[in-house]
Amino acid sequence: TKKKISIIFLGSRPISLKFYSLFKSQIIGVIKTKENQKWWKKDINNKKKIKFLKFNQLKNLEYDLGISLNYNKKIDEKILSTAKIGFLNIHYSYKNYYRGRNIMFLSIINYPKQMAGFTVHWINQKFDMGKILFSKKVIINKNDTSEKLYFKIENKLYFFLKNTMRKNLNKFLNLKTKNPIGKPIYFKKKQLNEYINNYLKKNGDKKKLIRALIFKNYNKKLISKLKRI
């Protein structure tokens, strides 16, 4: 019997608890995630019984794999080298065409020219640019908002984690890797207004734009402004 791969986990949002429950027997520590704005209540970072570690503890720890899921900071190269196998990231974009923030927004705006989905990839020092192990497409319906799309992707991701990745992690890690497609976009939050103005000038599809902006309590003022135009 092959030795189980030991995991350091970095995650947030409700999916982090689901991930933890699936890989609990292999997770030997969790790195806390700090985010100022939260739209969720359930989160692994709030659990008192979880064994939390700090990055500086990893250099003295024997472990195989780091896995990041909704961790929102760049991981230093020195930290990446502490894992025997490496660090994986799970990103909500098909083949990592979109990097950074506002992924749901861009996925709806540019669909079907660029597909939506999720990607499991190796982490390097460039945001979401590591070699891809696996990527899955998710269909966007005409009434999907960013919020609906996010949870649609998350449901597909959970099914994959449970039925593919967890069942044979060793085999999964040995899949042939691929490069991200095209020229990925790192879309910074402050560019949103500029992007919207340009989109309206070129396309004018206000309804699609509003759908792409709807996510919990975010963008309410911007959506109201668009509705008045």
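Structural remarks
- Lys34 vs. criteria within 29 Å of Lys167 (Cα to Cα), open to solvent by 100 Å² or more (accessible area, probe 1.4 Å) and not hydrophobic (A, V, I, L, M, F, W, C): no
- Options Lys137, Lys74, Lys49; residue that is over 12 Å from the mean Cα position of the chain (by Cα), free of Cβ contacts under 8 Å to residues at least 60 places away in the same chain and either assigned to a helix (DSSP H, G or I) or under 25 Å from Ile214 (Cβ atoms) (or both): Lys137
- Residue match in the stretch 36-56 (condition: modelled with pLDDT of 95 or more, in contact with a Gly (Cβ under 6 Å, 6 or more places away or on another chain) and not β-branched (Val, Ile, Thr)): yes
- Applying the criterion of being over 15 Å from Asn102 (Cα atoms) and open to solvent by 80 Å² or more (accessible area, probe 1.4 Å) to the residues of the stretch 186-219, the residue that is modelled with the highest pLDDT is Lys207.
- In the stretch 77-125, residue surrounded by the fewest Cβ atoms within 10 Å (Cβ to Cβ) [restricted to those that are in a loop (DSSP other than H, G, I, E, B) and among the charged types (D, E, K, R)]: Lys113
- Of residues in the stretch 125-139 being in contact with a Lys or Arg (Cβ under 8 Å, 6 or more places away or on another chain) and at pLDDT 95 or above, the one farthest from Leu157 (Cα to Cα): Lys131
- Scanning the stretch 126-160 for residues that are open to solvent by 80 Å² or more (accessible area, probe 1.4 Å) and not charged (D, E, K, R), we see that the one that is farthest from Asp76 (Cα to Cα) is Asn143.
- Note on the stretch 176-185: residues that are of a type outside the set (D, E, K, R) and surrounded by 14 or more Cβ atoms within 10 Å (Cβ to Cβ) total 4.
The values are calculated or read from the model by the stated rules, or taken from the named source; none is laboratory data. Here the structure is a predicted model, which means the values were calculated and not measured. Methodologically, a virtual Cβ is constructed for each residue, glycine included, from the backbone with ideal geometry; neighbour enumeration extends over all protein chains shown. The area values use the complete protein model at the heavy-atom level, side chains included, leaving out ligands, DNA and RNA. Shrake-Rupley method; radii C 1.70, N 1.55, O 1.52, S 1.80 Å.
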